[in-house]
Amino acid sequence: MNFKLLAVVAPTLLAMNVLPSLARDTSQQIGQTVNCNNPQTTQQMIICSDRAYKAADQKLNQVYKALQTKITANQKKRLTNAQLAWIKFRDAACEFEAGQFEGGTLASPTRLNCLNRITQQRTKDLNSSLQELNNR
C-alpha cells in the first residue's frame with residue numbers, strides 16, 4: 001500500500017464515507033486484530049463501529065422480515081412506507097450528528113455509532129410490534 005498516496009487521499013475518502021471499507025480491508029490485509037472493547041486509533045474506532053452497525057442492521061432485517069410474515073398486504077405496504085421514511089430520517093439524523101466533526105477524523109465513527117444506535121432502537125420498536133402480534 002502506498003502510504004504517501006493514502007495520506008493525500010484520506011481526507012477525500014473520509015468525506016466520501018469510504019474510509020470504513022478501506023479500514024476494514026486494511027485490517028484484513030495486515031492481519032490486524034482489533035479489540036473493539038478498547039479501540040486505540042480512529043481506524044480501529046471505524047472498524048469497530050462499522051462491525052457494530054452491520055450487526056445491528058442484520059438484526060433489524062431479521063425482525064423486519066419476521067414482522068412481514070405476520071401482517072396483511074395493506075400492513076406490509078404501510079410497513080414498507082414507514083421503513084423507507086425511517087431510513088431517510090436515520091440517514092439525515094446521522095449526517096447531522098457527524099456534521100459536528102465535518103472534515104475531522106471523528107466524523108466517520110460518529111456517523112457509524114449513530115447508525116448503530118438508531119438502528120438498534122428501530123429493531124426494538126419493530127420487535128415490540130412483532131411480539132404484540134405473536135401474543136394475539
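The values are calculated or read from the model by the stated rules, or taken from the named source; none is laboratory data. Please read all numbers here as calculations on a predicted model, not as lab measurements. Reconstructed Cβ throughout: ideal geometry from the backbone, glycine too, with neighbour counts over all protein chains shown. Ligands, DNA and RNA are stripped out before the accessible areas are found, and what is left, the full protein with its side chains, is counted by its heavy atoms. Shrake-Rupley method; radii C 1.70, N 1.55, O 1.52, S 1.80 Å.
Data overview
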{"item": "Sole exception among (1) under 30 Å from E132 (Cβ atoms); (2) open to solvent by less than 50 Å² (accessible area, probe 1.4 Å) for K88, by number", "result": "(2)"}
{"item": "Scope the stretch 43-83; condition of a type in the set (F, W, Y) and either free of Cβ contacts under 8 Å to residues at least 12 places away in the same chain or within 15 Å of L130 (Cα to Cα) (or both); matching residues", "result": "Y64"}
{"item": "Some residue of the stretch 25-38 being at pLDDT below 95, of a type in the set (D, E, K, R), over 22 Å from S128 (Cα atoms) and open to solvent by 60 Å² or more (accessible area, probe 1.4 Å)", "result": "yes"}
{"item": "Odd one out for T69 among (1) among the polar types (S, T, N, Q); (2) over 18 Å from K124 (Cα atoms); (3) open to solvent by 40 Å² or more (accessible area, probe 1.4 Å)", "result": "(2)"}
{"item": "Sole residue being modelled with pLDDT under 95 and either more than 16 Å from Y64 (Cβ to Cβ) or open to solvent by 70 Å² or more (accessible area, probe 1.4 Å) (or both), chosen from R136, R111, R78", "result": "R136"}
{"item": "Selection status of I71, modelled with pLDDT of 95 or more and over 27 Å from Q43 (Cα atoms)", "result": "yes"}
{"item": "Residues within the stretch 105-123 that are free of Cβ contacts under 8 Å to residues at least 60 places away in the same chain and touching a helix residue (DSSP H, G or I) at 6+ places or on another chain (Cβ under 9 Å), tallied", "result": "4"}
{"item": "Selected residue (criterion: nearest to R122 (Cα to Cα)) from residues of the stretch 72-87 that are among the polar types (S, T, N, Q) and assigned to a helix (DSSP H, G or I)", "result": "Q83"}
{"item": "Residue in the stretch 46-62 that is modelled with pLDDT of 95 or more, assigned to a helix (DSSP H, G or I), closer than 25 Å to R122 by Cα and over 19 Å from the mean Cα position of the chain (by Cα) present", "result": "no"}
{"item": "Conditions (1) assigned to a helix (DSSP H, G or I); (2) of a type outside the set (D, E); (3) under 24 Å from Q43 (Cβ atoms): number failed by G103", "result": "(1)"}
{"item": "Filter result (open to solvent by less than 80 Å² (accessible area, probe 1.4 Å) and out of contact with any Ser or Thr (no Cβ under 7 Å at 6 or more places or on another chain)) within the stretch 114-130", "result": "C114, L115, I118, T119, R122, T123, D125, L126, N127, S128, S129, L130"}
